[in-house]
Amino acid sequence: MRERAAIRERVLKPGTIEFGVNAVACMVRNFSEQGAALDVSSSFGLPDYFTLVLTLEGRRFSARVIWRQDMRIGVALESSSYEATRAKRSC
């Protein structure tokens, strides 16, 4: 079994999966800056790459699906628009 690079914190946060002009509500069940587990009504039809929005925080991440199991998906978070914006400001 593959070890995670970072320990994930158990959370229960609303999120949105955005791809193209579509948006699907989800619940973030665990989270780290490198990945997350998401509960969805159905993983059918979700693309392998999408934008994950943490609704209450307004943070956006580029996400890549690592695994799918029934109504839960595991994603790797490849970048955060929040972090990218912060990095640009510090230059």
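Here are some notes:
- Condition check for Asp48: out of contact with any Leu (no Cβ under 9 Å at 6 or more places or on another chain), closer than 14 Å to Glu78 by Cβ and of a type outside the set (A, V, I, L, M, F, W, C): yes
- Pairs, first within 12 Å of Leu54 (Cβ to Cβ) in segment 14-35, second among the hydroxyl-bearing types (Ser, Thr, Tyr) and buried (at least 17 other Cβ atoms within 10 Å of the Cβ), C-beta under 9 Å, six or more apart: Glu33/Ser80
- Residue in segment 12-27 that is nearest to Gly45 (Cα to Cα), counting only those that are in contact with an Asp or Glu (Cβ under 9 Å, 6 or more places away or on another chain) and not basic (Lys, Arg): Val24
- Among the residues making up segment 44-62, a single one is in contact with a helix residue (DSSP H, G or I) (Cβ under 6 Å, 6 or more places away or on another chain) and buried (at least 18 other Cβ atoms within 10 Å of the Cβ): Arg60.
- Picking from residues in segment 7-22 that are β-branched (Val, Ile, Thr) and modelled with pLDDT of 95 or more, the one that is surrounded by the fewest Cβ atoms within 10 Å (Cβ to Cβ) is Val21.
- Among the residues of segment 18-31, at least one is within 9 Å of the chain's Cα centre (by Cα) and assigned to a strand (DSSP E or B).
The values are calculated or read from the model by the stated rules, or taken from the named source; none is laboratory data. Worth saying up front: this structure is predicted, and the values here are computed from it rather than measured. Ideal geometry is used to build each Cβ from the backbone, glycine not excepted, and the neighbour counts take in all protein chains shown.
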